[in-house]
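Below is one structure, written out as structure tokens; comments come after it.
The values are calculated or read from the model by the stated rules, or taken from the named source; none is laboratory data. Just so it is clear, the structure is predicted and the values come from calculations on it, not from any experiment. Because the Cβ atoms are built from the backbone with ideal geometry, glycine has one as well, and the counts that use them run over all protein chains shown.
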Amino acid sequence: MKKYILYSILIIFGVLICRHAESDTSTRKQPFVWIVEFDGPVNPGMATYVVRGIEKAANNGAQAVIIQLDTPGGLVSSMRRIVKAILNAPVPVVVYVAPEGAGAASAGVMITVAAHIAAMAPGTNIGAAHPVTTGGKDMNKTMSEKVVNDMASYGRGIAEEKGRNGAWVEKAIRKSVSITAKQALKKHVIDLIARDMDALLAKIDGKKVRLVTGTVTLQTKGAVRVHYRPNLRDRILKTISDPNISYILMMIGLAGMYFELAHPGAIFPGVIGGISLLLAFYSFQTLPVNYTGVLLILLGIIFFVAEIMVTSYGMLAIGGLVSITLGSLMLFDNVKISLQVMMPTVVLTGGFFMTVAWLAYRAHRKRPMGGLEGLIGKRAEVKEWEGHEGIIFVHGEYWRAISDDVLSPGQTAEVVGGDGLVLRIKRYLKPA
């Protein structure tokens, strides 16, 4: 019976494999396009997703990769990675700014003009590519001139290489100009306007595209559409690649681990802290981290811990706040953490560490409640006494005791010391 069951499972498994192979072959016989939906800021997570999408499209023999773009811009380093992948792609890349109401701002301009075919939907816009910091603020004059000049030459060179209006791209970078889809077509910034995906596939059908490997002719009319979706790793990386989020994760992680080490057995802070730190370190590999900033933040936490052990009258705590603030400002190269995120985080983190340090200091200075130290100064009742020793009752327990005073049962005494299991007492004198 078991043998027949095993044979049945193998036959079903074989049929499923054959059907999958047949469907895969039939899909490959029919022209298909690879659609990558790009909706959100340009960050390392999104760059990884787009680059991998282009690679998979080439490996699967797609007619073209269509990047459906809607972005407010993002990191220059991530934008350059995407542009480099598009320019060197072995498969035609079409950037389609869509749906209606979408836009290709800032870094999105470079991605659009780098495409082999640039298209936009009606009601979309492109432009406003002047470089700013991550917090949205302009850079100082000297740095701004260097960055703007570099980006202007970079964008103009890409546009002219693709036969597009390089002068307008430079103007979008230097003066932050923005135009509609109709204006972009008229100024030769894009190649065509398509209302939807069907219209786009029909319009690019038969177009010749020059790749690094040679010239190809697109066959996209009626092509099968394969949507490339971001996997769980892409979605997580896209979220935590934001410098502000990775910074918050790091601070939560350090606070949680510190609380767990200071109060072993709490468990929950350690779990949250460990997960947050791992996510922060995962995002750090995609961000331009300045490890001097990381060390300054760690030094600040060490100062807070030292405040518990050393009487510095608050100087170590102040030094910790200064160190964490400077570390936060220096944490990323060429990327600024938003002040609206940094300042509350520094205040909350500093307040957390100072509160924990104060509670630990108060517990350290508090009078012991147990053991011999907890009995000193306590009043005891003499139960039995002979000469200079006897039995007393103190703190709910009977103890052997000795004294230089002559005592008698029923008297009240005060514990002044002890040796092992023998307490030393003296006659209790009521305050005057």
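Here are a few things to note about the model shown:
- Answer residue from the range 398-420, given it is over 13 Å from residue 376 (Cα atoms) and small (Gly, Ala, Ser) and is surrounded by the most Cβ atoms within 10 Å (Cβ to Cβ) among those: 403
- Residue count for the range 28-51, restricted to those that are in contact (Cβ under 8 Å) with a residue 24 or more places away in the chain, part of a helix (DSSP H, G or I) and not aliphatic (A, V, I, L, M): 5.
- The range 232-247, subset of a type outside the set (A, V, I, L, M) and either in contact with a strand residue (DSSP E or B) (Cβ under 9 Å, 6 or more places away or on another chain) or surrounded by fewer than 17 Cβ atoms within 10 Å (Cβ to Cβ) (or both), residue farthest from residue 53 (Cα to Cα): 247
- For the range 181-231, the set of residues classified as among the hydroxyl-bearing types (Ser, Thr, Tyr) and either in contact with a Cys (Cβ under 8 Å, 6 or more places away or on another chain) or buried (at least 17 other Cβ atoms within 10 Å of the Cβ) (or both) consists of 220, 228, listed by residue number.
- Among residues of the range 171-189 that are touching a residue at least 24 places away in the same chain (Cβ under 8 Å), those with a beta-carbon under 7 Å from a residue that is among the polar types (S, T, N, Q) at least six positions away or on a different chain give the pairs 178/125; 179/125; 180/125; 181/124; 188/165; 189/165.
- Considering each residue of the range 299-314 in turn, at least one proves to be among the acidic types (Asp, Glu), more than 29 Å from residue 241 (Cβ to Cβ) and either in the same structural domain as residue 259 (by TED's automatic domain parsing) or modelled with pLDDT under 80 (or both).
- Being at pLDDT 95 or above and of a type outside the set (Ser, Thr, Tyr) is a property that residue 129 lacks.
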